[in-house]
Each structure stands twice: as structure tokens, then as C-alpha cells.
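Okay, so here's the structure we're looking at.
Coordinate-derived values only; no laboratory data. What you are looking at is a predicted structure, and each value in this text was computed from that prediction instead of being measured. Heads up, the Cβs are rebuilt from the backbone with ideal geometry, glycines too, and the neighbour counts pull from every protein chain shown.
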Amino acid sequence: MDFSLSEEQLMIQQAAKDFAQNELLPGVIERDDAQTFPDELVRKMGELGFMGMMVNEKYGGSGLDTQAYVLAMEELSKVDASASVMVSVNNSLVCWGLETYGSEEQKQKYLTRLASGEVIGAFCLSEPEAGSDATSQKTTAIDKGDHYLLNGTKNWITNGGRAEVFLVIAQTHVEKGHHGINALIVEKGMPGFEIGPKENKLGIRGSDTHSLLFNDVKVPKENRIGADGFGFKFAMKTLAGGRIGIAAQALGIAAGAYELALQYSKQRKAFGTEISNHQAIAFKLADMHTKIQAARLLVYQAATDKDNGNDYTLSGAMAKLYASEVAMETSVEAVQIHGGNGFVKDYHVERLMRDAKITQIYEGTSEIQKIVISRSIIKD
Ligand code: CAA
């Protein structure tokens, strides 16, 4: 596969790098500490076109390909994975789902505002008792003629407190199992829709994660995405692409930690020389560099599959599985190379290590990726 980058892709990569260095790096430690992320920064990401990167320009997006998107995701994630998860969820799960399966009216009403970053969205599948086992939805959307009556709880929802538009997966025909599930567009402020308290998390602390409570929320029928019963397929197809975004995020965390460790090892002296001259450190750097490049190739392959119209369920799952394992491993090694300084917030690597963990969990745990991969290779 030829992964040479076009001029446009290189330009996007540079723009994301500049934004990360100039706008995200200042204050990243404080945002992590305080679990905040200013609206101003979200607005800037929207203005720069990061919130609807792959959306057609006629709906307010940037009209770019998946390759450009993963390049941007890597650069943003090197510095601030809290920012990049907002970008990933809005792009891959919310905008892509709406653009691919939404009606023209839904695109005009919601997608245009989401793609321009005027508002941001959330994807609501997980529940207190249905995380990995996504077919076991308990939230119900009962058909009442001109509307659905939505009841239940969603958990661990990224952008939960900040989003204005929520894609909610719920069971309409319980007897039909996953064939009875629908995806509904729910707006913040609909009567009966309550946002639960913010989670206090290990990592990606700048990104807000909430549970959501639905108590007799009336959702108009025209807010259903696709045909009756399409909701589970909608979730699976959307997540298949979402996993490419998270793989790129994991790649960025790994690369960010590695770059800091490399730089540090060339400055820090021990036993009379820079620590990079000690084989114990040099071999760690060699392993990190090799694994990151392997992860990058998997991410690029998945992005290329998507851009070429090929099936990307398998390549996306492989990219996410591997890149997230590399993110964890590499960030732990980056802390080790920094020694005592690695344990101190000022050096950034401890945050990257904490941020890395979630990439092995959300949008399908590593174990779920292995289910997807093994089923795919066994059926072929
Ligand atoms: N594309 C299209 N259809 C798919 C599909 C895909 N990639 N994967 C499964 N399906 C379809 C199947 O074909 C099947 O439909 P039919 O019966 O019509 O053939 C249906 O979905 C059910 O599939 P399975 O029988 O394989 O279902 P399962 O119960 O064995 O589970 C699973 C499959 C892959 C494990 C799935 O449950 C899964 O992906 N679980 C993980 C859920 C997940 O990723 N959650 C993350 C939450 S979102 C999040 O984290 C967002 C955030 O805020 C950051």
C-alpha cells in the first residue's frame, strides 16, 4: 500500500500540529487537574474545521478524507487527548452517522451545526448494564404514533455535559432483540432529559463524561435515523469507523510520549553521559519507535480502506487493538525513561500514560476488538 501523503493532507497535519502546540499545550496540565475544557477552545477547533473534517462542504464540513482526519487526530492527541476525543466523537460517531444514514431534513437541521462546530454531539450506546454487550439495551423508545417515548439511562457518555445533539440507541420492539433497536436524535433541553453528574476520571479529564437520564422524553418520529429497527446496525457501522479515530488517538498518545522521552533522554545525564547513550534506554526507544510505526501503518491502512470504499471493520479493529496497546506500553516506558520526573505532572508523560488507558476501553475494549477480528478472519 502506498501511504505517501498529498499536499492537502500534509497541510492539515501541520495545521493540527500548530494548533496543538500553540493553543492546546498551554494550560493542558491545569485543564487535566481541574477537569475542564473552555468553550473558547472548542469554538476555535470548530473554526479551524476540526469538528466536521470528513463532512461534505455543503453541510458545513471540511470535505476531507479519513487519512487527513487521522493525521489531525494524531497531532492533537500528542498534546491533548481530551481535545481529540471531542473531535473524534463529533466527527466519527455523530457527524458520520448523520451524514451517512440521516435524512436530508436531519442533515439540514443538525449536521450543518455539528460539522461547523457551532454545537457538538454525543453518541449514546453504553448503559449501566450494557457496555461491551451492546445488544442488551434496556433503554426503551416506545412507538406512540407521532413520537417515541424514551425511558432509561445511558452511561459514560463522552461530551455528555457539553453536547446539544445526542444520538441515542434504544429498544423499540423488545421481542425482536437487536432487530428492534432504533437510533434517535435527542436534543438537550427536551422535557424529561436530564444530564447526570460528571464522572471523575483517571484520564482524558478535560473531556466531560456523564450519565444521561431519560424519563418519558417525547422524541418526534422524524428524529429516528434510518428505517425502523436499524438502530443496532447503525451503532455497529458507526463504531467501525469510530474505532479508526480512537486508533489514531492512541497512536498520537504513543507518539507524543515517545517524542518527549526521546528528547529527555538526549538531555538528561547519568553516569557521565546522556541517558540515551545507555543501551537500557536506547533499546526502549528502539522498541517504542518500531511499535509506533507499526501502529501508524495499521491506522493508515484502515483510513485508506475507508477512503477507498473497502470494508474497514477488520482493519479498523486491528488498528484500534494494536495502537491502544502500543499507547499504553509506550507511555509507561516514557514515564520510566523520565525516572522521578516522569512521576511529576510538569513533564506531561504521566498524563499521557493516564490518557492511554481509555483507548483500550472505549469504542470497544481490546477484548471486543479481538471478537471482531477473530470472527472476521474465521468466517473468511
Ligand atoms: N457492521 C454492520 N453490522 C454489524 C456489525 C458491523 N460492524 N457488527 C455486527 N453487526 C450486526 C450483525 O450482522 C448482526 O445482525 P444480523 O443478526 O442481522 O446478522 C447484529 O449486528 C448483531 O451482531 P452479533 O450477533 O455479532 O452481536 P453480538 O451480541 O455477538 O455482539 C459485538 C457483537 C461486536 C461484540 C458488539 O456487541 C460490540 O461491538 N460491542 C461493543 C460495543 C462498543 O463498542 N461500545 C462502545 C460504546 S460507544 C463509546 O465508547 C463512545 C464514546 O463516547 C467514546
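If I stretch the segment between V344 and N22 completely, what's the gain in nm (0.36 nm per residue apart, minus their alpha carbon distance), one decimal?
113.7 nm
Cα gyration tensor of region 94-226, axes a ≥ b ≥ c as square roots of the eigenvalues: rounded (a/c below 1.5), prolate (a/b > b/c) or oblate?
Oblate.
Given Cα pairs under 8 Å that are at least 6 residues apart, what percent is the relative contact order of the chain?
Contact order relative to length: 17 percent.
Quick one: net charge of L285's neighbours, Cβ under 14 Å, K/R +1, D/E -1?
For residues surrounding L285, the net value is -1.
Compute log10 of I(q)/I(0) for the chain with the Debye formula, placing one identical point scatterer on every Cα and leaving out solvent, at q = 0.13 Å⁻¹, to two decimals.
The Debye formula, applied to the Cα set alone, gives -1.01.
Counting other C-beta atoms within 10 Å, and keeping those with at most 10, which DSSP coil chymotrypsin sites (Phe, Trp or Tyr not before Pro) do you find in region 1-100?
none
Sorting K370, K58, K201, K320 on the 10 Å Cβ count, fewest up front, what's the list?
Exposure proxy ranking, most exposed first: K58, K370, K201, K320.
So for the chain, taking the charge dipole from beta-carbon charges (+1 Lys/Arg, -1 Asp/Glu), which of A282, S103, L251 sits furthest toward the positive end?
Comparing the listed Cα positions along the dipole, A282 ranks first.
Give the distance, in whole Å, between the Cα centre of region 83-148 and the Cα centre of region 61-82.
Region 83-148 and region 61-82 have Cα centres spaced 20 Å from each other.
Please list 3J(HN,Hα) in residue order for region 212-225, calculated via the Karplus relation 6.51 cos²θ - 1.76 cosθ + 1.60 where θ = phi - 60°; whole Hz, with x for glycine and proline.
10, 10, 10, 10, 6, 7, 8, 10, x, 4, 5, 8, 6, 9
Add +1 for every Lys or Arg and -1 for every Asp or Glu among the other residues with Cβ under 12 Å from the Cβ of V299, and state the total.
Neighbourhood net charge equals +2.
Name the shape class, rounded, prolate or oblate, that the alpha-carbon gyration tensor gives for region 153-212, where a ≥ b ≥ c are the square roots of its eigenvalues, rounded holds for a/c under 1.5, and otherwise prolate holds if a/b is larger than b/c and oblate otherwise.
Note, shape of region 153-212 comes out prolate.
Take the Cβ-Cβ distance between A294 and M11 as r, set R0 to 25 Å, and report the resulting FRET efficiency rounded to the nearest 0.05.
Calculated value: 0.45.
Considering amide H positions built from the backbone, and no H for Pro or chain starts, which residues 5 or more places from V55, or on another chain, come under 5 Å of its amide H?
Excluding prolines and chain starts, which carry no amide H, the hits are S62, G63, L64.
Name all residues of region 338-373 having a backbone nitrogen under 19 Å from the label point set 7 Å from the Cα of T135 along its Cα→Cβ direction, giving them as ranges.
364-365, 367-373
About its Cα centre, what dipole magnitude does the chain give when the only charges are +1 on Lys and Arg Cβ and -1 on Asp and Glu Cβ, stated in debye to the nearest 20?
Roughly 560 debye for the chain.
How much mean residue ellipticity at 222 nm does the chain get from its helices, if each DSSP H run of length 4 or more adds -39500 (n - 2.57) and you divide by all residues, to the nearest 500 deg cm²/dmol?
When only DSSP H runs of four or more count, the value is -15500 deg cm²/dmol.
Amide H to amide H, which residues 5 or more places from R268 or on other chains are under 5 Å from it, using H placed in the peptide plane?
Excluding prolines and chain starts, which carry no amide H, the hits are I275.
Normalising by the residue count of region 19-153, find the relative contact order in percent from Cα pairs under 8 Å and 6+ residues apart.
23
Give, as a single signed number, the net charge of other residues whose beta carbon lies under 14 Å from the beta carbon of Y110, with Lys and Arg counted +1 and Asp and Glu -1.
In short, -2.
Which distance in nm do the two modelled labels at N308 and K269 give, with both placed 7 Å along the Cα-to-Cβ direction?
If labels sit at N308 and K269, their model points lie 5.2 nm apart.
Between K176 and F3, how high is the FRET efficiency from 1/(1 + (r/R0)^6) when r is the Cβ-Cβ distance and R₀ = 45 Å? Nearest 0.05.
The pair K176/F3 has a calculated efficiency of 0.55.
Kindly list the residues of region 163-183 that lie in the label zone of M190, defined by a backbone N under 16 Å from the point 7 Å along the Cα-to-C-beta vector.
Correct set: 163-173, 181-183.
Output wanted: per-residue J couplings in Hz (rounded whole) for region 138-155, from phi through Karplus 6.51 cos²θ - 1.76 cosθ + 1.60, θ = phi - 60°, x for Gly and Pro.
My calculation for region 138-155 gives 10, 5, 10, 10, 7, 6, 10, x, 8, 8, 9, 9, 9, 9, x, 10, 10, 10 Hz in order.
Rounded if a/c is under 1.5, else prolate if a/b is larger than b/c, else oblate: which is region 65-135, with a ≥ b ≥ c the root eigenvalues of its Cα gyration tensor?
Note, shape of region 65-135 comes out oblate.
Please sort by residue number the chymotrypsin sites (Phe, Trp or Tyr not before Pro) in region 261-318 whose DSSP state is loop and whose Cβ has at most 16 other Cβ atoms within 10 Å.
F271
Give the lysines reachable from K218 as a straight Cα distance under 20 Å; neighbours fewer than 8 places away on the same chain don't count.
Candidates past the 8-residue exclusion: K109, K138, K144, K154, K188.
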